[in-house]
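Notes follow once the structure below has been shown.
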Amino acid sequence: MDVLGRYRNLIVLVGVLFAQVLGLAVQVKRTNDSESTRLIRVWAVGAVTPFEKVLVWVQTSSYNLWHNYFYLRGVRAENRSLKAQIEQMRLEQVRMSQDAGQARRLQALLAFKEQFISQTMAAQVIGGSGSELSRSIYIDKGYKDGIKTDMAVITADGIVGKVLRVYHSTSLVLLIDDQTSGGGAILDKTRLQGILRGTPSGEVVLEKVMSDETVPPGELVLTSGGDGIFPKGLLVGHVTKVSPGSELFLNIRVRPAVDLNKLEEVLVVTKIDERQAEPEQTGVARAVDILAQRLPGVPSKPESPEKVTPETGATTGTATTGTTNIRTPSTGTKTGEATGTTATGAPSLTGSEGKPKTVPPPASANSAPVVRKTTTPPSTGSATAATGADAAKASPKPVKEVVVPQPPPAAEDSPH
Amino acid sequence: MFPNLHPPPRIAPTNVAITYTSGEQVEVYRFNLPATILIPLFAIFLQAWLSRRFPFFTIFDLPLLVVIGFATARRNPLAGLFTGGLIGILQDALTHLPIGLYGISKTVVGFGASSLGIKLDVENAGARFLLTIFFYVVHEVVYFMIARGLVGLRMAWSWPHEILSGVANAMLGILVFMLLDRVKQRT
């Protein structure tokens, strides 16, 4: 008894340490530790996050008050600049929508399934873990808002991380630069796939890329969609350094597109749809339809004030611009030429009755001779802008002669 | 939180040898209940909040400074280890890592700081500075061993980094201890 009394402090210390080591071992052993320690975490998060929310609210409110009501210097100039930027982006959007349509058609031929982000929820970052070894953040949305674990968290610039734990009104998000995080990634140009991981020092590396491959610095890194968390094609960052690693793999360092230390608002991907890619209704025309339109017939009086061009079998509406060629893909022979599209953006081929006719989708990939409507490249000259529905809707006035800008080359050191 | 678990007498009764420093007996202090609860919570909150806003703040460990401050003021090993353990577990709960990493480290520090506080005069700034550096390194060593050995985390040990962090924490610790001096009460 005397010995116990004399070494009581040490005995208690050993007992407390033993209990904690035991608890730690149990947590490590279990793959799912959310239940065993849930109560402690709920208490801790419940004690700390309300203060963080209040502070964030005060900070945001004062910032908004100042910037939205008092500090409006330079807003007009910025507005003009943004309008010009929007115009440029509209033009680029037209070009990209055509590329996307072509990609959809090809995907449909290959029976690809695509993942679409169909629903997101904006959330505010209210705090962090406070530890160097736990690179994670807390957001102000929890299970009462519909957040679930393993949901992807992104921003407009790129991916951020995934939801790890969900509480009543807050959630813990594991950042991609944490050493316990991981995800599938693919290099944009070389299409090499690897595993994205964080390091203890907070860097992001791409692992499992064979060392005999060539990866240039500056190449964009995208999500591959293979992890089941991030939809395919989201920007991760760009390669900053490539060096030989261990075990025949390259050591590829990636700079995240998002500044993970300065996150204020994020988007939680709450719903991802997976659907078969469908070709655009107007993308491909069958040769038989076009031949049918060329058959002689009695043209009726057009019901719309649109100008009919019977020779080319196309209508020209008020918002029509651009030149459309129809080529057979097998021979590349030009079989016809349409001089525009309607305001709806559909490649409206005029039928025998002179009415605008929308080209139906192909019956199948094997249907006989297929012709594809392609647009002449913008380098051919002027007046090739605003050929799509978006442009027509967005700009009610006829578009002036503008040259569609060429897509900017991918910067070597910048992902944007 | 445990002010009366094992209240050390002003004059050593049996097992703990109280030394005399500066010609005076070692003082023992206590903290009232609100301070005992709110100060650690506030330290954990500040650690999480400031680390997010200012990433460099992750080199500091405010809860550790509070553990050392409480332990050296109370000079009660049991109170020190329980306070350290609870603060560490709360700190663990905010991370995504298993609970116990900070808990074990701060239990050791709380016990050690209170045991050392019995033997040394930790009232002056110089002693506090050195004590904080020492216990910061002890904390990091214990954390490193557990994180690598038990949890399997990949960690790299860097003495320069740890020493510099220890100095930074010691400088901040002097301020924290001064604030704690204002709320501690003589028994």
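Each value in this text was obtained by applying a stated rule to the coordinates, not by laboratory testing. Just so we're clear, the structure is a prediction, and the values are computed from it rather than from any experiment. Positions of Cβ are generated from backbone atoms using ideal geometry, with glycine treated the same way; all protein chains shown enter the neighbour counts.
General observations
- Counting only other chain Cβ atoms within 10 Å of each residue's Cβ, the peptide B:41-48 averages 5.
- The packing ranking of peptides A:122-132, B:64-74, A:17-27, highest mean first, is B:64-74, A:122-132, A:17-27, where packing means the average number of other beta carbon atoms within 10 angstrom of each residue.
- Net charge of the neighbourhood of A:Leu220, taken over other residues with C-beta under 10 Å away and scored Lys/Arg +1, Asp/Glu -1, is -1.
- Loop-located trypsin sites (Lys or Arg not before Pro) in the stretch A:150-218, at most 12 other Cβ atoms within 10 Å (DSSP): A:Lys189, A:Arg191
- Per residue of chain B, the DSSP helices (runs of n ≥ 4 H) give a summed -39500 (n - 2.57) that works out to -21500 deg cm²/dmol at 222 nm.
- Those chymotrypsin sites (Phe, Trp or Tyr not before Pro) in the stretch B:119-168 that DSSP places in a loop and that have at most 11 other beta carbons within 10 Å: B:Trp157
- Residue-averaged beta-carbon neighbours from other chains (10 angstrom radius) around B:84-95: 6
- Cβ crowding within 10 Å, taken as a proxy for footprinting-reagent exposure, orders A:Glu247, A:Glu87 from fewest neighbours to most as A:Glu247, A:Glu87.
- Residues whose amide H lies under 5 Å from that of A:Val125, counting only those 5 or more places away or on a different chain, are A:Glu265, A:Val266; hydrogens are built 1.01 Å from N in the peptide plane.
- Evaluated over the stretch B:29-186, the Cα radius of gyration and Dmax, each in Å: 14.5, 45
- Where chymotrypsin sites (Phe, Trp or Tyr not before Pro) fall in DSSP loop in the stretch A:111-199, at most 13 other Cβ within 10 Å: A:Phe112
- Inter-chain Cβ neighbour count for A:140-153, averaged per residue, equals 0 (cutoff 10 Å, partner chain atoms only).
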